[in-house]
Amino acid sequence: MNLRTLLPALLLAACTPPDPAPVVTPTPPAAGAPVASVDAPATHPDYVVDEPLPPFDEGGGRPRLVAQSAISSGGSMVLYEAGDGTRLLRFEDLNVNAAPELEVVLTKSATPTAADFADAIRVGALKGVRGNQNYLVSSKVALAARQAVAVISRQQGTVIAFAPLTAPKK
């Protein structure tokens with residue numbers, strides 16, 4: 001099996017969210033008042049993801065470590081590339097603050113700000129605010145033009161956390 005065929009099944013199995021406690025409104029809201037709702041998984045402050053590192057294609061040899069660094073808010077980031085060109089971005093022991101509409105992006109700046117959102121490349125929605133998470137990065141992305149991985153909230157216009165795409169020490 002290779003990473004592309006095995007990863008979707010692993011992600012589905014590992015990403016089953018816990019049942020969040022529903023918000024209970026004792027009386028019906030007044031006309032025009034906002035109605036409370038349950039948080040989406042990545043914005044829920046207790047949402048933990050614990051995805052295992054998936055096996056790589058046996059025929060492609062050992063994956064190459066492309067980048068590795070600490071995340072500004074806690075945990076670490078590693079980026080692997082398999083022999084077939086498949087790239088896997090992994091957060092280990094991630095710990096970020098919950099915020100609305102969290103996304104994982106690749107930025108041109110090593111220390112991204114909201115000004116960098118316009119040319120950021122979206123990797124995907126953040127799966128949870130804590131734990132170990134895997135994301136596929138397209139082989140079409142020119143990593144040489146990207147300096148950091150960031151967790152952002154476009155809605156708030158903020159960078160929640162980032163990690164520079166630092167090549168591993170040899």
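Structure values in brief
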| item | result |
| --- | --- |
| Spin-label pair Ser73/Ser138, simplified geometry with 7 Å Cα→Cβ offset, distance in nm | 2.6 |
| Å³ per residue enclosed by the Cα convex hull of segment 46-170 | 94 |
| Efficiency of FRET between Ala125 and Lys169 - r from beta-carbon atoms, R0 30 angstrom, step 0.05 | 0.40 |
| Inter-site label distance for Ala115 and Gln156 at 7 Å from Cα along Cβ, in nm | 2.1 |
| In sequence order, calculated HN-Hα J values of segment 124-133 (Karplus, 6.51, -1.76, 1.60; Hz; x Gly/Pro) | x, 6, 5, 7, x, 8, 9, x, 9, 9 |
| Additional length obtainable on full extension of the chain from Ala145 to Glu101, 0.36 nm per residue less Cα span | 13.3 nm |
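Just so you know, all these numbers are worked out from the coordinates, no wet-lab data involved. Values in this document were obtained by computation on a predicted structure and should not be read as measured data. Cβ: placed from backbone, ideal geometry, glycine included. Neighbour counts: every protein chain shown.
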